[in-house]
Amino acid sequence: MDIHHISLLTEDLELNIKFYTKTLGLRFVKNSVNQAYPRRRHIYYGDFMGTPGTVVTFFPVSPFQERVDGDHYWSGIHFAIPRDSLIYWRDRLQNNGFKPTVDSKHILHVLDHDGVHIQFKERSEELYDWHINYKSDIPATKQITRIIGTDLHVPNIEKTAQFFTDLMGLNVRDQKIVLGDREEISLFETPSDAPKKRWGRGSVDHFALAVESSEELHQYWDRAQENGWTRELLTDRGYFRSAYFIEPGGCRVELATINPGFTVDESLYNLGTTFSLPPILEKDRKVLTDFYAEKNVNFDEVEPYTGNGYINNQPLKPLKGDVKNMSNK
């Protein structure tokens, strides 16, 4: 089972867009709303195609309080970067006003504007073809390739591990939930005297794992009921179908299908350029458009891609990952 996406809360959308698209070089792939609360926006970043496994999403909430993680929370984003690109990323982050550090395991650490802990780990893989973000100034040989993990903090590691093992058939070794292709969720036990959780800027709403089909998604949904795990919601998000669960520690876990994808309502060249709504909210488009217009939000932050697969007008040779064919994620 591979990673699908991670969703977080941000206070300052302008700074968020600047960091994740300009500094990190991800593409702004979908400009939408929180389907549960449509008067709150939902922003999606990823590789050029918005491939599952590369997607990071944010719900802007402003003004927002400081978060208190408490005794159960997801924490951080672990990105894979190509081999021999760590120094490039350290320098790039420093030049953009951040304070990255490199630990003894050769992992680069930095905090974004919301205090989200981001890790960069070198892997023998590179983006290729239309996975490369041609709208970024970052060389293809240096671009972030995908998400490879996160941290999960819970009161009882054993119970949480049982949830992932029993429901999803995942192995847990050395307090790590083993996912596909060297991806993992690291488990940490929170202290018994942890403060009460309070949502705030940088909080992780949920972490999503990928399934191949709606049929498989329903199998997990039914299995959770049979085995007594907490189910929250089964729904069609338009770009994928989702099932949400609450693991024993209290954190939200999503399973999401890899199809139909973000090009269901926008072309590859136009991803992120329009106000995208799933079919369930299409009837409310005018009401929502008027609501956001009053707040001077016109969903026009993104320009279409008009090139032909070039960065800085220089042709690129397609690059294939040494580890896997990323187009299959």
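The values are calculated or read from the model by the stated rules, or taken from the named source; none is laboratory data. None of these values were measured; they are calculated from a predicted model. FYI the Cβ positions are ideal-geometry reconstructions off the backbone, even for glycines, and counts take in every protein chain you see.
Could you please give the count of residues in the stretch 235-267 that are in a strand (DSSP E or B), of a type outside the set (D, E) and farther than 18 Å from F164 by Cα?
Number of matching residues: 6.
Residues to consider are I107, I87; find the one that is surrounded by fewer than 21 Cβ atoms within 10 Å (Cβ to Cβ), under 26 Å from A210 (Cα atoms) and either hydroxyl-bearing (S, T, Y) or free of Cβ contacts under 8 Å to residues at least 40 places away in the same chain (or both).
Values: I87 fails: under 26 Å from A210 (Cα atoms).
Criteria check complete, one pass: I107.
Under the condition of being hydroxyl-bearing (S, T, Y) and either exposed (fewer than 14 other Cβ atoms within 10 Å of the Cβ) or on the phi > 0 side of the Ramachandran plot (or both), which residue from the stretch 191-213 is modelled with the lowest pLDDT? Break it down stepwise before answering.
Going residue by residue through the stretch 191-213, those that are hydroxyl-bearing (S, T, Y) are 192, 203, 213.
Those still in the list that are either exposed (fewer than 14 other Cβ atoms within 10 Å of the Cβ) or on the phi > 0 side of the Ramachandran plot (or both) too: 192, 213.
Numbers: S192: 94, S213: 97.
That would be S192.
Would you mind stating whether Y37 is without any contact (Cβ under 8 Å) to a residue 40 or more places away in the chain, within 30 Å of R285 (Cβ to Cβ) and hydroxyl-bearing (S, T, Y)? Don't jump to the end; show me each part of the working.
Working: without any contact (Cβ under 8 Å) to a residue 40 or more places away in the chain: yes; within 30 Å of R285 (Cβ to Cβ): yes; hydroxyl-bearing (S, T, Y): yes.
Criteria met by Y37.
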Query - Residue check for T51: within 14 Å of the chain's Cα centre (by Cα) and in a loop (DSSP other than H, G, I, E, B) - result: yes
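Specify the residue that is nearest to L15 (Cα to Cα); the eligible residues are those in the stretch 126-153 that are acidic (D, E) and either surrounded by fewer than 22 Cβ atoms within 10 Å (Cβ to Cβ) or in contact with a Cys (Cβ under 8 Å, 6 or more places away or on another chain) (or both). Give the derivation first.
So the first thing to find is which residues in the stretch 126-153 are acidic (D, E), and the list is 126, 129, 137, 151.
From what's left, either surrounded by fewer than 22 Cβ atoms within 10 Å (Cβ to Cβ) or in contact with a Cys (Cβ under 8 Å, 6 or more places away or on another chain) (or both): 129, 137, 151.
Values: D129: 29, D137: 18, D151: 24 Å.
Filtering first and then ranking leaves D137.
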Query raised in the report: Would the stretch 70-79 turn up any residue that is buried (at least 22 other Cβ atoms within 10 Å of the Cβ) and touching a Cys at 6+ places or on another chain (Cβ under 7 Å)?
Result: yes
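Which residues, counting only those in the stretch 255-290, are under 18 Å from Y45 (Cα atoms), touching a Pro at 6+ places or on another chain (Cβ under 7 Å), surrounded by 14 or more Cβ atoms within 10 Å (Cβ to Cβ) and not β-branched (V, I, T)? Spell out how you get there, then give the answer.
Step one: list which residues in the stretch 255-290 are under 18 Å from Y45 (Cα atoms), which gives 256-278.
Then keep just the ones that are touching a Pro at 6+ places or on another chain (Cβ under 7 Å); that gives 258, 269-270, 273.
Next, only the ones that are surrounded by 14 or more Cβ atoms within 10 Å (Cβ to Cβ) stay: 258, 270, 273.
The one that is under 18 Å from Y45 (Cα atoms), touching a Pro at 6+ places or on another chain (Cβ under 7 Å), surrounded by 14 or more Cβ atoms within 10 Å (Cβ to Cβ) and not β-branched (V, I, T): N270.
Quick test for you: out of T57, T21, T10, pick the one residue that is hydroxyl-bearing (S, T, Y) and over 24 Å from C251 (Cβ atoms). Steps first, please.
Numbers: T57 fails: over 24 Å from C251 (Cβ atoms); T10 fails: over 24 Å from C251 (Cβ atoms).
So the residue among T57, T21, T10 that is hydroxyl-bearing (S, T, Y) and over 24 Å from C251 (Cβ atoms) is T21.
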